[in-house]
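Throughout, read-outs are computed from the coordinates displayed, never taken from laboratory work. A quick note: this is a predicted structure, and the numbers were derived from the prediction, not measured. We place every Cβ from the backbone using ideal geometry, glycine too, and count neighbours over all the protein chains shown.
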Amino acid sequence: MISFFITFTTAALHLEYTAYEKDTKATFWVTITDYGDSLEMRSVNDKGLEFTAIMDRNSRLLRLEKYQDGKEKTKEKWTGDGYQVRMWGTERKANATKPAADRHTIAFFLARFPFGEGVERNYSLLVPELFSMVEVNVKCLGKETVSTPAGDFSAWKLQMKGRGLTNLMLMGKRFYLWYAEEGDHLLVKYEDSDGRGFSLSKKWED
């Protein structure tokens, strides 16, 4: 599951992350641009995958386009009563009562979480591969010191898991996210219970 909202004083924030999965490593870059009435998140990695997401002021997804090696992979668009989703040419509707995050943007959306040990919230999440919304639970486990290539951070640790049938579908899988305690709660590390994850390696602003 893998993006975030912060209040910007500059036009764009640039982030570089180092991702890992077993013996495989990759690098991806995220740029968040504030246009006043909306936010744009653009992510590109060194494996030919890229996506652009347009979000509202609450970091809820309005539109997303994803490409692999220049070929369209996914399109998502808020229609007022759900999301129109296209995956590899197949198009279906995912019903929803209001805009939400999707699996590409949820990690950064959660920078808005009301951090505090033991605090829990439930969210609806769009998973385009399923053409549907799923339910997740997010709980703050407390604070930890996290070491990343960009330095050490005092960070809030969140645990995300599926609710109900979603938890069964995920076979109990857990997702862990660390957000810097200070400032706008920058996402500094992510890891799932299978050992896949990423951590912050660089940050710069325009």
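Relative contact order of the stretch 12-205: what whole-number percent is it, with Cα pairs under 8 angstrom and at least 6 residues apart?
17 percent
Return the sequence-ordered ³J(HN,Hα) values of the stretch 87-96 in whole Hz as given by the Karplus equation 6.51 cos²θ - 1.76 cosθ + 1.60 applied to θ = phi - 60°, using x for Gly and Pro.
10, 6, x, 8, 10, 8, 9, 10, 6, 7
Under a cut-off of 18 Å between alpha-carbon atoms, report the lysines in cross-link reach of K77, not counting same-chain residues fewer than 8 places apart.
K66, K93, K98
Which ³J(HN,Hα) values, rounded to whole Hz and listed in residue order, are derived for the stretch 44-60 from phi using the Karplus coefficients 6.51, -1.76 and 1.60 in 6.51 cos²θ - 1.76 cosθ + 1.60 with θ = phi - 60°, glycine and proline given as x?
Using θ = phi - 60°, the values come out as 9, 10, 8, 10, x, 9, 8, 8, 10, 10, 9, 10, 7, 5, 9, 6, 8 Hz.
To one decimal place, what orientation-averaged projected area in nm² is obtained for the convex hull of the Cα set of the chain?
The directionally averaged projection comes out at 11.3 nm².
Quick one: Karplus J couplings for the stretch 189-205, per residue in order, coefficients 6.51, -1.76, 1.60, θ = phi - 60°, nearest Hz, x for Gly and Pro?
Those phi angles translate into 7, 9, 7, 9, 6, 8, x, 8, x, 7, 9, 5, 10, 8, 8, 8, 10 Hz.
Cα to Cα, under 18 Å, and not fewer than 8 places away if on the same chain: which aspartates and glutamates meet these conditions relative to K157?
E117, E120, E144, E181, E182, D184, E191, D192, D194
Could you tell me the center-to-center distance, by alpha carbons, between the stretch 127-179 and the stretch 56-74 in angstrom?
When both Cα centres are located, 21 Å separates them.
Calculated FRET efficiency, T97 and S38, Cβ-Cβ r, R0 22 Å, to nearest 0.05?
0.60
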